[in-house]
Amino acid sequence: MPVTGAVMSQLLPAALVLFSGGQDSTTCLAWALSRYERVETVGFDYGQRHRIELECRETVRSGLAALNTDWGARLGADHMLDATVLKSLGETAMTHEVSIEMTEAGLPSTFVPGRNLLFLTLAGALASRRGIAVLVGGMCETDYSGYPDCRADTMAAQAETLRLGLDVPMQIETPLMYIDKAETWALADTLGGQGLVDLIAEDTHTCYLGERGARHEWGYGCGTCPACELRAKGWESWKNAS
């Protein structure tokens, strides 16, 4: 289970955060900056429809560094990797103009088969070259769409695969795995206060359709896609409980 709240008394050496520019990965980045001496980030261009999230990444990184001088000192290099092979494997609502709906396989059309597996493989290879033994990702099986590559069992298996295949120690941390979206907002507030909450609302991107025209209390988005609905519901539940 993730440890939420106060900074660890002794910082751990280093971590590589899978950082998309969205709410979850930004919260995970703040979590890592509170725990590790050196934190690097990696993003993936996989031909996503909402690729505007990639344009948000540097703004968010800079914002996090400005929020906390210690975080700024610990924030290391950013890496961007080409994962567009995923788009070439077949259509999904995340990579093509396809309706967001449940498929015959019982999974939403937003599921990109192999996405997290590929991301973690690439991140693991990068981490091994950077002398980093910890990957941090925003995978969650509490508030999610049933994606099999977001489950804790998948993360445990992937970590073991990386350890065996790379012949180096490799750990995958998932701070959000067992909390819902309201608790994710609460975690951001615990980690960075109102400044971090405001940064997430204003500068991160979650909307599957890449919409940034309408500004809601919880941030920008179409307001109707599953990602927007989940983010909005979590915001409302968190604010009502505050």
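Give the residue that is surrounded by the most Cβ atoms within 10 Å (Cβ to Cβ), with candidates limited to residues of the range 126-151 that are in a helix (DSSP H, G or I) and modelled with pLDDT under 95.
My answer is 150.
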*Which residues, counting only those in the range 209-229, are surrounded by fewer than 19 Cβ atoms within 10 Å (Cβ to Cβ) and either of a type in the set (S, T, N, Q) or within 24 Å of residue 146 (Cα to Cα) (or both)?*
209, 210, 211, 222, 223, 224, 226, 229
*Applying the selection to the range 167-210, what residues are free of Cβ contacts under 8 Å to residues at least 24 places away in the same chain and within 14 Å of the chain's Cα centre (by Cα)?*
none
*Can residue 204 be described as in contact with a strand residue (DSSP E or B) (Cβ under 7 Å, 6 or more places away or on another chain), closer than 21 Å to residue 123 by Cβ and either exposed (fewer than 15 other Cβ atoms within 10 Å of the Cβ) or hydroxyl-bearing (Ser, Thr, Tyr) (or both)?*
yes
*Select from the range 194-210 the residues that are of a type in the set (D, E, K, R) and assigned to a loop (DSSP other than H, G, I, E, B) and list them in ascending order.*
none
*Could you please let me know if residue 186 is part of a helix (DSSP H, G or I), of a type in the set (A, V, I, L, M, F, W, C) and either surrounded by fewer than 17 Cβ atoms within 10 Å (Cβ to Cβ) or in contact with an Asp or Glu (Cβ under 9 Å, 6 or more places away or on another chain) (or both)?*
no
*Listed residues 161, 142; which is polar (S, T, N, Q), under 18 Å from residue 25 (Cα atoms) and out of contact with any Pro (no Cβ under 9 Å at 6 or more places or on another chain)?*
142
*Please name all residue pairs, on different chains or six or more residues apart, with Cβ atoms under 9 Å, provided the first residue is in the range 122-146 and is at positive phi and the second residue is surrounded by fewer than 23 Cβ atoms within 10 Å (Cβ to Cβ) and at pLDDT 95 or above.*
131/13; 131/14
*Have a look at 4, 95, 27 and point out the one that is surrounded by 21 or more Cβ atoms within 10 Å (Cβ to Cβ), out of contact with any Cys (no Cβ under 9 Å at 6 or more places or on another chain) and modelled with pLDDT under 95.*
95
*Among residues of the range 211-242, those that are in contact (Cβ under 8 Å) with a residue 60 or more places away in the chain, touching a Ser or Thr at 6+ places or on another chain (Cβ under 9 Å) and in a loop (DSSP other than H, G, I, E, B), counted*: 1
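The values are calculated or read from the model by the stated rules, or taken from the named source; none is laboratory data. From a predicted model like this one, the values you see are computed outputs, not experimental measurements. We place every Cβ from the backbone using ideal geometry, glycine too, and count neighbours over all the protein chains shown.
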